[in-house]
1. Return an integer: the convex hull volume of the alpha-carbon atoms of the stretch 56-101, in Å³ per residue.
2. Could you calculate the FRET efficiency of residue 5 with residue 124 from 1/(1 + (r/R0)^6), where r is the beta carbon distance between them and R0 is 30 Å, rounded to 0.05?
3. To the nearest 10 square angstrom, what accessible area does residue 79 show with a 1.4 Å probe?
4. Grab every C-alpha pair in the chain, bin the distances at 5 angstrom width from 0 up to the longest one, and report whole percents.
5. What's the carbon and sulfur percent of the stretch 12-115's accessible surface, probe 1.4 angstrom, rounded to a whole number?
Amino acid sequence: QVQLVESGGGLVQAGGSLRLSCAASGRTFARYAVGWFRQGPGREREFVAAINWGGSSTYYADSVKGRFTISRDNAKNTIYLQMNSLNPEDTAVYYCAAGIFVGNYYAEKDYDYWGQGTQVTVSS
């Protein structure tokens, strides 16, 4: 059994920055892929970013490219999402997900474990 816990959400003004963390409980995650997804009010859940813990490859949605950065610290079993130049459209609940075998980093169905989510609110 694997547990994922997100933290770092909160209220920030447009143009500001925020860093989210995802802590994993259990054995090593060196071979796990990890992704961030988000769901705004009245919207479908969408892909944000992903990282391959084995190959150090990163992937981003077009809407966040150049503003968000995903990274990981395997010694701490933790991944991060640095969010800069935030705007009100970024307001959503952000979820961390991990998969033992991920063929498509953009697809929810390829991930096995999910966190509880953390709220990010951006005011104008």
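1. Numbers: hull volume 4.9 nm³, N = 46.
Measuring per residue, one finds 106 Å³ for the Cα hull of the stretch 56-101.
2. 0.50
3. Approximately 0 Å² of residue 79 is accessible to the 1.4 Å probe.
4. Result, from short to long distances: 2, 12, 24, 26, 20, 10, 5, 1, 0 percent.
5. Working: 2350 of 5250 Å².
Ligands and nucleic acids excluded, carbon and sulfur reach 45 percent.
The values are calculated or read from the model by the stated rules, or taken from the named source; none is laboratory data. If you're wondering where the values come from, they're calculated on a predicted model, not measured in any experiment. Quick reminder, even Gly has a Cβ in these numbers, built from the backbone with ideal geometry, and neighbours come from all protein chains shown. Side chains are part of the model used for accessible areas, which takes the heavy atoms of the whole protein and leaves out ligands, DNA and RNA. Shrake-Rupley method; radii C 1.70, N 1.55, O 1.52, S 1.80 Å.
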